[in-house]
Amino acid sequence: MGILFEINSNVQRLLSERARLKRELRTCPPEQVAILREKLDEINKQLLNLKESLPC
């Protein structure tokens, strides 16, 4: 049960961060768009890795 709690906590943290970055992306200066997109890509990769690590 502990591993599932840890995975869930990580997923929730990453989803919150992804939502924050998406909001920021709408209003950021053009020179920051590429940086924010890279961060979003990294978060999406981490979420995929967590999904694949689920014990089911």
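The values are calculated or read from the model by the stated rules, or taken from the named source; none is laboratory data. Treat the numbers as computed from the prediction; the structure is a model and nothing was measured. No Cβ is skipped: glycine too gets one built from the backbone with ideal geometry, and neighbour counts run over all protein chains shown. The area values use the complete protein model at the heavy-atom level, side chains included, leaving out ligands, DNA and RNA. Shrake-Rupley method; radii C 1.70, N 1.55, O 1.52, S 1.80 Å.
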Enumeration of residues in segment 4-23 that are among the hydrophobic types (A, V, I, L, M, F, W, C) and surrounded by 10 or more Cβ atoms within 10 Å (Cβ to Cβ): 4, 7, 11, 14, 15, 19, 21
Residue list for segment 40-56, restricted to those being open to solvent by 100 Å² or more (accessible area, probe 1.4 Å) and of a type in the set (D, E, K, R): 45, 51, 52
Filter result for residue 26 (basic (Lys, Arg), in a helix (DSSP H, G or I), at negative phi and open to solvent by less than 100 Å² (accessible area, probe 1.4 Å)): no
Members of segment 5-20 found to be without any contact (Cβ under 8 Å) to a residue 24 or more places away in the chain and over 9 Å from the mean Cα position of the chain (by Cα), listed by number: 5, 6, 8, 9, 20
